[in-house]
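One structure below.
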Amino acid sequence: MMTIKQIEVTVGEITRGYVNNEELGVRGYDGNLDIRPPYQREFIYNEKEQQAVITTVLNGYPLNVMYWVKRSDDAECPYEVMDGQQRTLSLCEYVAGNYSYDFKNFFNQPADVQKRILEYKLTVHVCEGEASEKLEWFKTINIAGKPLNEQEINNAVYAGPFVSDAKRHFSKSNCGAYRLGKDLVNGTPIRQDFLKKALEWMAEHETREGRRQSAVGYMAQHQHDPNANNLWTYFQNVLNWAITNFDMKKFKKIMKGLDWALFYDKYKDTMLDTAGLAQQISTLMRDSEIQRQSGIIPFVLTGDEHYLDLRAFPDDIKLVVWEEQRHVCPSCGKEFDFEFMESDHITPWRDGGRTVKENCQMLCRECNRRKGAK
């Protein structure tokens with residue numbers, strides 16, 4: 001059963017012995033506080049939010065209650081931060097001299113201001129209980145006004161060596177995944193967007209291979225793997241294939257956010273005519289009939305025009321043509337009210353047809369569907 005005890009610690013105590021490095025992790029409180037345990041998110045406060053923490057301290061305003069978890073008595077580091085990581089890091093980083101407040105870092109402040117900061121008291125609730133209780137509570141408490149997103153919660157629930165290693169590749173601000181995919185994948189690493197995308201791609205890949213899978217299912221299945229090498233390797237293969245086959249300098253603006261894993265799985269063993277594709281893409285990017293330029297690369301790979309969101313005839317042209325046809329469908333010869341007819345390109349877009357009145361005809365729904373199915 002989880003128990004909670006309230007204590008007070010000063011900023012001076014919590015920042016004493018602060019370290020933040022790959023070897024030792026992120027520690028404070030004379031090495032007794034693990035500020036970033038495996039289930040915690042990366043540091044996401046921006047400079048303005050960090051400075052707001054210092055403003056609160058300097059004005060003596062109350063800072064929100066923090067929550068620590070008490071580990072076993074024989075643990076090397078007896079406490080871990082459950083809630084309050086962002087505020088704790090803001091304080092530790094400032095006292096360490098790593099950013100400025102009001103154009104002064106901590107060591108430039110007058111002695112009385114330094115003393116006021118170090119003696120500021122923080123209210124901490126220390127919780128002790130089973131791991132399952134800790135994680136369940138972690139999912140529900142508020143994290144300093146920045147609620148956990150779905151992937152951050154999944155990282156907490158499936159904490160283990162797999163997630164720890166995956167975060168090394170996908171969750172740091174300048175991680176390998178970001179350096180490779182910043183122009184191809186939407187989002188930011190520190191909010192877990194790159195890790196979420198990698199897991200979705202891997203789950204969809206597994207499903208296409210006949211092993212039905214979801215991103216969460218994949219995390220559960222591999223939670224205790226010693227590393228995330230398979231996930232990282234697949235992500236690299238997908239993006240390297242995209243970079244190799246499509247000119248990033250020319251087509252960068254239409255390459256971001258595509259389902260690259262889908263196309264990699266389907267075409268990775270196909271010898272693509274990259275020069276021919278590049279010429280085709282350049283031509284299509286100048287085509288005003290195409291409403292969704294992000295669909296150009298999927299179209300040149302698949303030939304599916306639905307990716308392009310081609311221009312449709314506006315209502316004024318459709319109404320004029322319907323009147324000129326005397327409400328009759330030219331295909332079946334029957335008369336229809338306007339709302340039961342649909343516009344159609346006489347000469348299709350793929351054959352050079354444009355979305356102009358002269359290339360418009362109004363067909364009944366049945367005839368239009370029949371023509372579209374051919």
For segment 267-293, the count of residues that are among the aliphatic types (A, V, I, L, M), loosely packed, with under 11 Cβ neighbours inside 10 Å and under 18 Å from residue 308 (Cβ atoms) equals 0
Counted residues in segment 338-352 being loosely packed, with under 15 Cβ neighbours inside 10 Å and of a type outside the set (Val, Ile, Thr) come to 7
field: Test for residue 336: is it of a type outside the set (A, V, I, L, M) and within 43 Å of the chain's Cα centre (by Cα)
entry: no
Within segment 9-46, residues being touching an Asp or Glu at 6+ places or on another chain (Cβ under 8 Å) and at pLDDT below 80 number 3
Within segment 240-274, of all residues that are in contact with a Leu (Cβ under 7 Å, 6 or more places away or on another chain) and in a helix (DSSP H, G or I), the one nearest to residue 296 (Cα to Cα) is 255
Among residues of segment 159-181 being touching a Phe, Trp or Tyr at 6+ places or on another chain (Cβ under 9 Å) and either in a loop (DSSP other than H, G, I, E, B) or at pLDDT below 90 (or both), the residue farthest from residue 219 (Cα to Cα) is 173
Of the residues in segment 220-239, those that are out of contact with any helix residue (DSSP H, G or I) (no Cβ under 6 Å at 6 or more places or on another chain) and assigned to a helix (DSSP H, G or I) come to 220, 221, 229, 230, 233, 236, 237
Requiring at least 2 residues that are at pLDDT 90 or above, surrounded by 14 or more Cβ atoms within 10 Å (Cβ to Cβ) and in contact with a Phe, Trp or Tyr (Cβ under 9 Å, 6 or more places away or on another chain), the helices (runs of 4 or more DSSP H) wholly within segment 47-157 are 47-58, 85-95, 111-118
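The values are calculated or read from the model by the stated rules, or taken from the named source; none is laboratory data. Just so it is clear, the structure is predicted and the values come from calculations on it, not from any experiment. FYI the Cβ positions are ideal-geometry reconstructions off the backbone, even for glycines, and counts take in every protein chain you see.
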